[in-house]
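What follows draws every value from the coordinates through simple rules; no lab data is involved. Bear in mind the structure is a predicted one, so any value in this text is a computation, not a measurement. Quick reminder, even Gly has a Cβ in these numbers, built from the backbone with ideal geometry, and neighbours come from all protein chains shown.
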Amino acid sequence: MTGKIKNIQLADSGRLKIEWAEAHMPVMMALRKKYGETKPLAGMRISGCLHVTKETAVLIRTLIAAGAQVAWSGCNPLSTQDDVAAALYAEGVPIWAWHGLTTEEFYWCIEQTLLQKPTITLDDGADLVFTIHNKHPELAKQVLGGSEETTTGVHRLRAMGDDQKLLYPIVAVNDAETKWDFDNVYGTGQSSIDGIIRATSILLAGKTFVVAGYGHCGKGVAMRAKGLGADVIATEIKPTAALKAILEGIRMMPMDEAARVGDIFITATGMKDVIVKRHFEVMKDGAIVCNTGHYDCEVNLKELETLTVSKKEIRPNCVQHTLKNGKRIFVLAEGRLVNLAAAEGHPSEVMDMSFANQFMAMMFVAKNGANLEKRVYDITEEQDQEIAGLKLETMNVSIDKLTDEQVRYQTAYNEGT
Ligand code: 3DD
């Protein structure tokens, strides 16, 4: 067995978690059955940098069943589920991941996954791609291509592609409709509330719940907080997103105002310095602050420390800061993504589609990589509809089909009103 994990004794628990996820990811299991026979990934060495959760384990097992050799690390120091990592390690998956990595250990784990000289990279937040581009550009020569799971990762890789800095093609899995419109909205919505409740046991009903960012993730979180009876406020920098919030019945105001009235704050912007010193200074006693964006730069903890006279971990993933003004602020999961650091991430059912896109992206790169340009590729409409169709089938849902006449009518331009 190759790799480094927290504790092999946890493997049994991890196997049961993965079994649970497999029972709730029918699309992935169908893909595993279909491609386990044809093995389209045979000969591929996939290095993955993606949260080690029970759902990721299902993806890993499916990639291996399809013929790939994998090497895996987590993509956040606090998101690895140690029992899942132990189960994967015990079944021979080369994995370097444990909960509570230092920054140095985090990048060391990524380095270990590069020893196999990957032909494909599978990334979430672009740390693996950046490591290859910035520290091991020579490895890019045998990389056919890669994929990127998350919004901020895709933003950065598109910028690299626009500047002709990409050393190999990248498939923007995040931007697939069957990922973005489901994982980001319904997954982040539920899992972020899950993380907040596991870390605090707080009652949401009647609380003033401030969501920074009303994109797909923020919209999902706002929807679920509202469903639990919270009084939701959103903050934004984009007029159209702000308008959507208002029309959804969500109050909109600048963070400078929301900071004074909020009980619970969550950032979902992808931007840095969203909650900073002047906000902490006016927050109510007992305010809870957390983040569900990929990177831990949205809540400025360095500035909070300048106001802190004492702090203690009052509950797992919940640190009480006592400020100079005598008020307490509770920071969850060290300002890292609360859904994965304090809970289990998105439910299996939405990851089923996200990872079906990842799996198909791997097949696309394996088949076409040598002929692709060094840019970011979007998931095709056909693939989106194929995955959504597979998902509906597993839910025993039937839908209508256009007749030939209707197909013709769609593009007819000689019929008026
Ligand atoms: N992410 C959220 N929940 C996850 C889970 N259960 N397993 C693996 C990864 C998970 C994060 C990403 O899928 C995606 O939501 C993102 O954009 O980062």
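Any chance you could get the radius of gyration and Dmax over the Cα atoms of the stretch 230-344, in Å?
Rg then Dmax for the stretch 230-344, in Å: 13.9, 42.
Show which aspartates and glutamates lie in cross-link reach of Lys272 when reach means a straight Cα distance below 12 angstrom and same-chain residues fewer than eight apart are skipped.
Asp296, Glu298
When the convex hull of the Cα atoms of the stretch 98-167 is projected onto a plane and the area is averaged over all directions, what value comes out in nm²?
4.9
How high is the relative contact order of the chain, in percent, with contacts defined as C-alpha pairs under 8 Å that are six or more residues apart?
17 percent.
Any chance you could list P(r) for the stretch 53-179, counting all Cα-Cα pairs in 5 angstrom bins from zero, rounded to whole %?
P(r) over the stretch 53-179, rounded to whole percents: 2, 11, 20, 24, 22, 15, 6, 1, 0.
Show that you can apply the helix-only estimate: for the chain, add -39,500 (n - 2.57) for every DSSP H stretch of four or more residues, divide by all residues, and state [θ] at 222 nm to the nearest 500. Write down the numbers at each step before the final one.
Working: 18 runs with 182 residues, N = 417.
Calculated at 222 nm, the ellipticity per residue is -13000 deg cm²/dmol.
Give the shape of the stretch 158-246 as rounded, prolate or oblate, defined through the alpha-carbon gyration tensor: a ≥ b ≥ c are the square roots of its eigenvalues, a/c under 1.5 means rounded, and otherwise the shape is prolate if a/b is larger than b/c and oblate if not.
The shape class here is prolate.
Mind listing the Cα extents of the chain along all three principal axes, in Å, largest one first?
On the principal axes, the chain reaches 68, 64, 44 Å in Cα extent.
Between the stretch 161-225 and the stretch 345-417, what is the separation of their alpha carbon centroids in Å?
22
What is the distance, in nm, between label points placed 7 Å from the Cα along the Cα-to-Cβ direction at Lys302 and at Thr322?
It works out to 2.7 nm between the two label points.
Among the listed pairs Lys6/Lys141; Lys277/Lys312; Lys34/Lys54, which have their C-alpha atoms separated by more than 23 angstrom in this model?
Over 23 Å apart, Cα to Cα: Lys6/Lys141.
Per the Cauchy relation, a quarter of the hull surface: what is the mean projected area of the convex hull of the alpha carbons in the stretch 312-417, in nm²?
Taking a quarter of the hull surface, the average projection is 15.8 nm².
Can you give me the orientation-averaged projected area of the convex hull built on the Cα atoms of the stretch 6-61, in nm²? Display every interim value, and only then the final one.
Details: hull surface 18.9 nm².
Mean projected area for the stretch 6-61: 4.7 nm², to one decimal.
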